[in-house]
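The structure appears right after this line, and notes come after that.
The values are calculated or read from the model by the stated rules, or taken from the named source; none is laboratory data. Note that the coordinates shown come from a computational prediction; the quantities given were computed from them, not determined experimentally. Neighbour counts run over all protein chains shown; Cβ positions are idealised from the backbone, glycine included. Side chains are part of the model used for accessible areas, which takes the heavy atoms of the whole protein and leaves out ligands, DNA and RNA. Shrake-Rupley method; radii C 1.70, N 1.55, O 1.52, S 1.80 Å.
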Amino acid sequence: MTGRRRSSPRHFPRASATAAAACTAVIASLLSGCGSLPGAGSGEQEPVTVMTWAPEGTRTTNMPGMPAMAQAYARWVNSRGGIAGHPLKVLTCNERNDSVEAARCAQRAVDAGAVAVVGSYSQWGRSFMSPLEVAGIPFIGGYGASAEEFSSPLSYPVNGGQAALLAGNGRQLAADCRRVALVRPDTIQGDQMPALLDAGLGGGRGAGRTGGAGAGTGGSRDRAADIKAPETGTDYSPQVAAALEAVGADPARYGTAKAGGEAPGSCVAASLGDSTDTFFDSFRRLQESSPKVQIGSVLGSVDQSMVNRSGGVSGPLEGADVTGWYPAAGDPRWAPMRRVITQEAFDDNRIDPADQGVQTTWIAYTVLRAVIRQLADQGVEDITAHALQTALDRGDRTIDTGGLTPMLRWRDDDMLAVTDFPRIVNADVTYQVVRHGQLVAAQEGFVDVAATLERRPTDDD
């Protein structure tokens, strides 16, 4: 079914007490766990205060590189006079992968007088979006881990979130896969994944690499087997066994991977966030006694460091199809971000330039900088949350991210007609592959999965 574009209410009144309490609230927020990076610029304009949050030190997904990248960006931009003369002040907060902490981070942003939350990660959209909406604070370039980021009129996503990644990975795998098992977290967010992967599998086109019977779109294909897994598991052997059985990886028929046996058309996709590493530890052990299958995943669950840890060219991820939002980490379009990291955070091991969280934060701050400059060009000196929201909604100019995404704009006419995700404006993904132990581009350019998402069946169909 194709969702209809919807008009959303736009202007949320800002609580009048917020501005008056800004100074004392900043101090209070620091004492309660948020970090602050004072603006180093010497511009004459008032500082612009924003917040970036992400989970750190938890048992599930951690994104310490996102607030670290935000701080490095602030140091860099302030050393050059700020943004249109405004020093940039970045507050950070540990969201701890907890709904209560996510709400607290949002409230701290409100209390500190932040004009935007930028480049942040949280699965708890219901918890953090409400305080931001009440205060009229835009959420710019979130990671895309919660459904609310693609429904709230105060959210301005720079990517297509989990929806685009799963649909894209399905399309990427469709060329080779007749039988697919998806191993995903047993969570509310995980419950959306099978339908998204199936939509991509159904919409995939192209000849298979294996050339085996049933590969590609010429053979029939059932829906992916849905293998639920605990989000914080320490051993995924039962899920590996279930996935291999579901895709018909029968050693009696095909032999074992150790002996060179392969099951053509059989594919296992895993998307478990940080726990994907643990899953492939179990997978590597069990596959020796089963035939080799094709692997699929998404960036954020798989990255170069995981490929290295799992054995590189001799590990289970060699040949894996991996879908991301942005160009491969070695693409020259990332050179400006890498220079900033080298100049401002060379010894900060939290920042991995190949990490999609770090990359999303860079893109989100690129958007923030562009919008503030647009306001300055229009003679607006007071950079408020309402001013940013108005400029983003009006979309007088598209925003250039240096080719890392398509040109971005968030007018009603720019929203894609995707049921459940009406705020998506960018449904492009990239196809990458693990080749010779390195995660590299599988093909040039972006793949637009908008049509796949728009045709995705829903529970109402």
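If Lys and Arg each add +1 and Asp and Glu each add -1, what is the summed charge of the other residues whose beta carbon sits under 11 Å from the beta carbon of E381? Kindly include the intermediate steps, with their values, before the conclusion.
Details: positive: none; negative: E44, E46, D382.
So the environment of E381 carries a net charge of -3.
Given P316, A354, I341, which one lies farthest toward the positive end of the charge dipole of the stretch 305-461, if we put +1 on the Cβ of every Lys and Arg and -1 on the Cβ of every Asp and Glu? The residue sitting most towards the positive pole is I341.
Report, to the nearest whole %, how much of the accessible area of the stretch 122-163 belongs to carbon and sulfur atoms, 1.4 Å probe, protein only. Can you show the working numbers first?
Values: 480 of 870 Å².
Heavy-atom surface of the stretch 122-163 belonging to carbon and sulfur, 1.4 Å probe: 56 percent.
Annotation: aspartates and glutamates with alpha-carbon distance below 13 angstrom to K228 (same-chain offsets under eight excluded): D186, D191. In a simple Cβ point-charge model (Lys, Arg +1; Asp, Glu -1; nothing else charged), the chain has a dipole of about 500 debye relative to its Cα centre.
Modelled spin labels at V380 and T187, positioned 7 Å past Cα toward Cβ, are 3.4 nm from each other. Each Lys or Arg adds one and each Asp or Glu subtracts one; over the other residues with Cβ under 13 Å from the Cβ of L244, this totals +1.
The Cβ shell under 12 Å around Y143 holds other residues with a net charge of -3, Lys and Arg each +1, Asp and Glu each -1.
For the stretch 373-430, with all protein chains in place and a probe radius of 1.4 Å, 43% of the accessible heavy-atom surface sits on carbon or sulfur.
Packing-wise, with mean Cβ within 10 Å as the measure, how do 175-181, 419-425 rank, highest first?
On the way: 175-181: 25.3, 419-425: 21.9.
Peptide ranking by packing, descending: 175-181, 419-425.
Classify the stretch 302-461 from the C-alpha gyration tensor, please: rounded if a/c falls under 1.5, else prolate or oblate depending on whether a/b exceeds b/c. Oblate, because a/c is 1.5 or more while a/b does not exceed b/c.
How high is the FRET efficiency between Q443 and R373 when r is their beta carbon distance and R₀ equals 35 Å, given to the nearest 0.05? It would help to have the intermediate numbers written out before the result.
Working: r = 34 Å, r/R0 = 0.97.
Rounded to the nearest 0.05, the efficiency is 0.55.
Using the Cα gyration tensor of the stretch 377-458, with a ≥ b ≥ c the square roots of its eigenvalues, what is the shape: rounded (a/c below 1.5), prolate (a/b larger than b/c) or oblate (neither)? Oblate, since a/c reaches 1.5 and b/c is not below a/b. Once the 1.4 Å probe is applied to the protein heavy atoms, the stretch 50-140 comes out at 27 Å² accessible per residue.
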